[in-house]
Amino acid sequence: MLKKTYTYSSGKVDVYFDAAFGQLNKVVDKKNAILITDEHVFKAHHAKFKNWNVITLKPGEAYKIQPTADAIVEQLIAFQADRSSVLVGVGGGVITDLTGYVASIYMRGIQFGFVPTSLLAMVDASIGGKNGVDVGEYKNMVGIIRQPLFLFYDTSLLSTLPHHEWVNGCAEIIKHGAVLDAKLFKQLAQLEIQALKTDKKLLKAIVRRNVELKSAVVKRDEFEKGDRKLLNFGHTLGHALETQYELTHGQAVALGMVFAAWLSEQVIGFKQASSVEQVLVQYGLPTRAVFDVDRVFEILKMDKKRLSKQMRFVLMSKLGKGEIVEIPLTVLKKYLIAFNTLNKKQK
Ligand SMILES: NC(=O)c1ccc[n+]([C@@H]2O[C@H](COP(=O)([O-])OP(=O)(O)OC[C@H]3O[C@@H](n4cnc5c(N)ncnc54)[C@H](O)[C@@H]3O)[C@@H](O)[C@H]2O)c1
Ligand SMILES: [Zn+2]
């Protein structure tokens, strides 16, 4: 186990790399800890949960809602959890978001940590202290920014992760490369998903690089006044598509990234949109789709990145460098129509 401490304005986070689940009791006291997981993770890693207090939830984004938080609170009361209790989210991003959120409201806030078990949670969701739940079709509408005590990385947990969830995680890794790290982007362009799934050393190195990249951005801008917005690359259109169509998060974000890269060429003279598209294809992600612009635009307007009649849109000025550009909503809609028409022609 290698421990690294990341200091944010709101608190310190101990990050354990190269850890094995069996060492979790060295990081948190079994007596005080309550693990929160979902049925998939519990079934896949059943033996690991032995002798721990566990709350097992139904899996899926549909359960990342206030009623689930309320149900967890009831179970915490049944467990007689108090201010010395530590909640440990063992799961994907749904579980880590819920765990951090409930820990932040239970008894006005108790401590929590994460054992991310999906690639997406390892490289993205568990980092940065954003915790919350969805409200209707609006994702993460309610929540809080509060840092966990620790992050515990056991990449061997990924051995049971379904393939399409690997693809989802890769979309966020590609995002990090695109707007934060040209070297990572180029490395990804040389690889494919199978290499990550089979080469344990490579996987660990890529996960760690992503933790470092996201942590550094969050450290610079914990409360999302500037740079942290870069992490929304591909997500403005991505979220809108995700709510309207049967797409996974990674697929929706991939489509959003292709639009954002194309828009970067139109607006700020970016030259390598085709490289972005190429990498996404390599990782099994879709890059072109035709959608109902009016419907998608209605949702997109509700994005938290909107500033009255402008949208703060994340573009790429070059590979590895994102830039936030304010685009009037009316202009954005024209570009969406143009992009959609382009894709229709290519079909
Ligand atoms: N807080 C943040 O900053 C942040 C950032 C990005 C995403 N998120 C949130 O994360 C969520 C998405 O995360 P996710 O993709 O991990 O979703 P998820 O938690 O739903 O996990 C995906 C699926 O994989 C299963 N799973 C997870 N680990 C497994 C394992 N080791 N073996 C077998 N099955 C496993 C889960 O049960 C689930 O079915 C979204 O709700 C999103 O809003 C939050
Ligand atoms: Zn995402």
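The values are calculated or read from the model by the stated rules, or taken from the named source; none is laboratory data. Keep in mind that what you see is a predicted model, and the values were worked out from it rather than measured. Note that each Cβ is placed from the backbone with ideal geometry, even for glycine, and that neighbours are counted across all protein chains shown. Heads up: the accessible areas ignore ligands, DNA and RNA and are worked out on the full protein's heavy atoms, side chains in. Shrake-Rupley method; radii C 1.70, N 1.55, O 1.52, S 1.80 Å.
Normalising the average separation of contacting C-alpha pairs (under 8 angstrom, six or more residues apart) by the number of residues puts the relative contact order of region 191-347 at 21 percent.
Highest GNM mean-square fluctuation among T330, T287, T243, for the chain modelled with Cα contacts below 10 Å: T330.
Sorted by mean Cβ packing within 10 Å, highest first, what order do the peptides 206-212, 51-57 take? Could you put the intermediate results ahead of the total?
Details: 206-212: 21.4, 51-57: 17.1.
The densest-packed peptide leads the list: 206-212, 51-57.
Helix 329-346 axis versus longest C-alpha principal axis of the chain: approximately 80°, rounded to the nearest ten. Mind checking the angle between helix 163-180 and the chain's longest principal axis? C-alpha axes, 0 to 90 degrees, to the nearest 10. Helix 163-180 and the main axis of the chain meet at about 60 degrees. For K344, a cut-off of 14 angstrom between C-alpha atoms picks up these aspartates and glutamates, skipping any fewer than 8 places away in its own chain: D292.
Normalised by the residues of region 142-257, what does the relative contact order come to in percent, with Cα pairs under 8 Å and at least six apart? Spell out each step's value before the answer.
Working: 84 pairs, mean separation 30.6, N = 116.
Dividing the mean separation by the residue count of region 142-257 yields 26 percent.
Legend: distances between Cα atoms for K130/K301; K201/K225; K175/K200; K200/K271; K3/K130; pairs beyond 28 Å are K201/K225; K200/K271. With protein chains left intact and a 1.4 Å probe, residues in the chain average 44 Å² of accessible area per residue.
As a fraction of the 1.4 Å probe accessible area of region 181-226, surface on carbon and sulfur atoms comes out at 53 percent. Translational diffusion coefficient of the chain (Stokes-Einstein, Kirkwood radius from Cα pairs, 10 °C, 1.306 mPa s): 77 µm²/s.
How large is the Rg to Rh ratio of region 166-278 when both quantities use alpha carbon positions and Rh follows Kirkwood? Intermediate results must be reported in sequence, preceding the final value.
Numbers: Rg = 14.2 Å, Rh = 14.7 Å.
Reported Rg/Rh (Cα atoms, Kirkwood Rh): 0.96.
By the compact-protein rule of thumb, 2.2 N^0.38 Å, the alpha-carbon radius of gyration of region 115-166 corresponds to a ratio of 1.30.
What does DSSP give for the chain in terms of the percent of beta bridges that are antiparallel, rounded to the nearest 5? If we restrict to bridges inside the chain, about 50 percent are antiparallel. Going toward the positive end of the dipole of the chain, with +1 on Lys and Arg Cβ and -1 on Asp and Glu Cβ, which of Q278, T330, V54 do you reach last? Result: Q278. Relative to the longest principal axis of the Cα atoms of the chain, helix 235-244 runs at roughly 80 degrees.
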